[in-house]
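K.L.:
The structure's right below; bear with me while I get my questions together.
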Amino acid sequence: MKKIKGIAGFLVDGLVESTRLLGQGRNVGCFGFIDEEGYISSHTELVEGGLSGIPLRVLLGKVAAMEGNSIIEGLKQLPDNAVFITTRSGKTGLITDVTGVDFFNLPVVSIGVKNDGVAGVGLIMPKPGHYDLATEAEYLNLETLVTDTMEAEKEVLRKTNELGLAFLDLSDSLPVVDLPEKEPVKHSPVESSWRLPRAKVTALNGELAKELVEESISIGQGREVSVIGQLDDQGVVQPLGKIIAGGMGYVPARLMASSAADIKGKSLREIYGDVLPDNAVIVHTHPGGTGVMHVGDASAGPGTWGRPIIAIGHDQDGEIKGATVIEVEDRLYQLADEDERLNIAFFDAGTPEEEAEIRNRKFGIAQEYTGLCKPIELT
C-alpha cells in the first residue's frame, strides 16, 4: 500500500469543527481517499456518531450500496485508496488498539480533539502483524476464564498489560498539510458484484449439535462454544470446522472464524470476505437457554458477516432445549438501518416524551430481532 504523506488541513478542520458542535463526547467520521501523491486530499460526507459510535451502515452507505446488504458486503465495495477517519473527543489522536484497522483492513486516522482544537493526528497502517496482535488480545481476554490459581491469573493479566504497552508503538503521527479544499465525494452506489447467498436453513446436523453441547458442558461456567458449519444443498448445516470455546455470552470474531479458516496475518474483512466459504454458517451454544436469540446474535451473524447464525439452547445436564436460526434477510437490514437512525435521533430529542418514544422503538426493534428466530430441526 502507498505510503501516506499527510492529510488535508481543511478535512481535519471540518471534522474537528463538527465534533466541537456536536459536543457530548460524540465523534465524527468519514472515509478519506489517498491521491496519487500520497495525500488524503478528498473524503466522503461526514457522519455523526450516535449512541454506539459511528453508525457503520450509514458510513458505508456513503461509498457502497447497503440496502439489503450486510456490513461485510459493504466493506467489500470499498475502493483500494480508502482510509477510515474518525475524531476522538478528549484524546490526543494516539491509537492504542488495532480494532479499526483489523475490521476495515484499511489505514485508520484518529484525530484527537481537546479544548475545541486538534490535539494530534495519528495513523495506523494495515499490517499482518497487527492482525495477529488482535488474535492474541482475543485469546488473552478468554484466558482468565481457564486459570485456576491466583498466580495463573496474575500471569494472564501481566501478558494483557504487556500487550497493551505494545499497542502504544503501532501508530505514527500524521502531518497535516495545506491542500486545496474539495467538496465531499458523493458516490452513486451500485449493486455490488460480490454478494453472499440468501439460502434457507432447514435443519442442523444432530451429531454436531451434540458435540457442541458436550463441549459447552465440559468447559462449564456458562461459556459459549461455536463452530463454523457449512450449508448443504438440502438446507442442512453440516460440520466444517473445529469447535472453539468462547466467553460468557460471546465468542470473539477472529477466534470464531479460526474454526474453519487460517486467520494468521489476515484482517477480519479478509477472513469473512475472502477466506471463509460463502455458504458458511455460524453455530453456537446458549447455555441455560432454549436457543432463542437477540440483537447481539443477529449482529454477530447475518448483520455483520452476512452468514446465518444458529443457537442451540441446553441445560446444565446437556439436554438440548431447542435450536433456532436467524437467516440473511432484508428485514434484518431494515431493522439495522432504523436502529442506527434512532441512535442519532436520540441526541435530537427535545422533550422527555420524544426520548421515551425513541427508547420504546429501540426496545421494539430488539423484540423484532428476536422474532426473526426460526426454530429448526436436528437431523
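The values are calculated or read from the model by the stated rules, or taken from the named source; none is laboratory data. The structure presented is a predicted model; accordingly, all values stated were derived computationally and were not measured. Reconstructed Cβ throughout: ideal geometry from the backbone, glycine too, with neighbour counts over all protein chains shown.
K.L.:
Could you tell me whether any residue of segment 38-47 is of a type outside the set (A, V, I, L, M) and closer than 30 Å to Thr160 by Cβ? Spell out the reasoning first.
P.N.:
Of all residues in segment 38-47, those of a type outside the set (A, V, I, L, M) come to 38-39, 41-45.
Cutting the leftovers down to closer than 30 Å to Thr160 by Cβ gives us none.
Within segment 38-47, not a single residue is of a type outside the set (A, V, I, L, M) and closer than 30 Å to Thr160 by Cβ.
K.L.:
Same structure, new question: Looking at Asp297, Asp278, can you tell me which residue is acidic (Asp, Glu) and assigned to a loop (DSSP other than H, G, I, E, B)?
P.N.:
On the way: Asp297 fails: assigned to a loop (DSSP other than H, G, I, E, B).
The conditions single out Asp278.
K.L.:
Further, regarding this structure: Could you list all residues from segment 325-336 that are buried (at least 17 other Cβ atoms within 10 Å of the Cβ) and part of a helix (DSSP H, G or I)?
P.N.:
In the first step, residues of segment 325-336 are kept if they are buried (at least 17 other Cβ atoms within 10 Å of the Cβ); the result is 325-328, 332-333, 335-336.
Passing the criteria: Leu332, Tyr333, Leu335, Ala336.
K.L.:
Let me ask something else about it. Please work out which one of (1) of a type in the set (A, V, I, L, M); (2) within 21 Å of Leu11 (Cα to Cα); (3) surrounded by fewer than 18 Cβ atoms within 10 Å (Cβ to Cβ) is the condition Val63 fails and give its number.
P.N.:
(3)
K.L.:
With the checklist (1) more than 29 Å from Thr96 (Cα to Cα); (2) touching a residue at least 24 places away in the same chain (Cβ under 8 Å); (3) not basic (Lys, Arg) in hand, flag the one item Leu170 doesn't pass.
P.N.:
(1)
K.L.:
Within the set of pairs 6+ apart or on separate chains, which have a first residue in segment 357-379 that is aromatic (Phe, Trp, Tyr), a second that is in a helix (DSSP H, G or I), and C-beta atoms under 7 Å apart?
P.N.:
What qualifies is Tyr369/Val295; Tyr369/Ala298; Tyr369/Leu335.
K.L.:
Give me the residue from segment 190-233 that is of a type in the set (Ser, Thr, Tyr) and under 30 Å from Val63 (Cβ atoms) and, out of that set, nearest to the chain's Cα centre (by Cα).
P.N.:
First, the residues of segment 190-233 that are of a type in the set (Ser, Thr, Tyr): 192-193, 202, 216, 218, 226.
Pick out the ones that are also under 30 Å from Val63 (Cβ atoms) and you get 192-193.
Details: Ser192: 20, Ser193: 22 Å.
Among them, the one singled out is Ser192.
K.L.:
Against the definition (touching a Lys or Arg at 6+ places or on another chain (Cβ under 9 Å) and at pLDDT 95 or above), how does Val177 come out, yes or no?
P.N.:
yes
Listed here are the residues, each with its yes/no results for (1) in a helix (DSSP H, G or I); (2) among the charged types (D, E, K, R); (3) over 30 Å from Gln221 (Cα atoms); (4) within 27 Å of the chain's Cα centre (by Cα).
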residue: Gly122; (1), (2), (3), (4): no, no, yes, yes
residue: Pro126; (1), (2), (3), (4): no, no, yes, yes
residue: His130; (1), (2), (3), (4): yes, no, yes, yes
residue: Leu133; (1), (2), (3), (4): yes, no, no, yes
residue: Ala137; (1), (2), (3), (4): yes, no, no, yes
residue: Leu142; (1), (2), (3), (4): yes, no, no, yes
residue: Thr147; (1), (2), (3), (4): no, no, no, no
residue: Glu151; (1), (2), (3), (4): yes, yes, no, no
residue: Glu155; (1), (2), (3), (4): yes, yes, no, no
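K.L.:
How many residues, within segment 234-267, are assigned to a loop (DSSP other than H, G, I, E, B) and under 15 Å from Leu212 (Cβ atoms)? First the steps, then the outcome.
P.N.:
The initial filter retains those residues of segment 234-267 that are assigned to a loop (DSSP other than H, G, I, E, B), namely 234-235, 240-243, 249-252, 258-267.
Now drop any that are not under 15 Å from Leu212 (Cβ atoms), which leaves 240-243, 251, 259-260.
Result for segment 234-267: 7.
A quick yes/no check of all residues on (1) surrounded by fewer than 14 Cβ atoms within 10 Å (Cβ to Cβ); (2) touching a Pro at 6+ places or on another chain (Cβ under 9 Å); (3) not assigned by TED's automatic domain parsing to the domain that holds Ile282:
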position: Ala209; (1), (2), (3): no, no, no
position: Ser216; (1), (2), (3): no, yes, no
position: Gly229; (1), (2), (3): no, yes, no
position: Gly235; (1), (2), (3): yes, no, no
position: Gly241; (1), (2), (3): no, no, no
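K.L.:
Which ranges mark the helices (runs of 4 or more DSSP H) fully within segment 1-120 that have 3 or more residues being among the small types (Gly, Ala, Ser)? Step through it out loud before you land on a result.
P.N.:
Working: elements: 9-22, 56-61, 71-75, 99-104.
Here the list reads 9-22.
K.L.:
Conditions: (1) in contact (Cβ under 8 Å) with a residue 60 or more places away in the chain; (2) more than 24 Å from the chain's Cα centre (by Cα). Asp35 meets all but one. Number of the miss?
P.N.:
The one condition Asp35 does not meet is (1).
K.L.:
Okay, next question. Can you go through Gly322, Gly350, Gly318, Gly291 and tell me which one is under 25 Å from the mean Cα position of the chain (by Cα), over 30 Å from Ala65 (Cβ atoms) and not in a helix (DSSP H, G or I)?
P.N.:
Gly291
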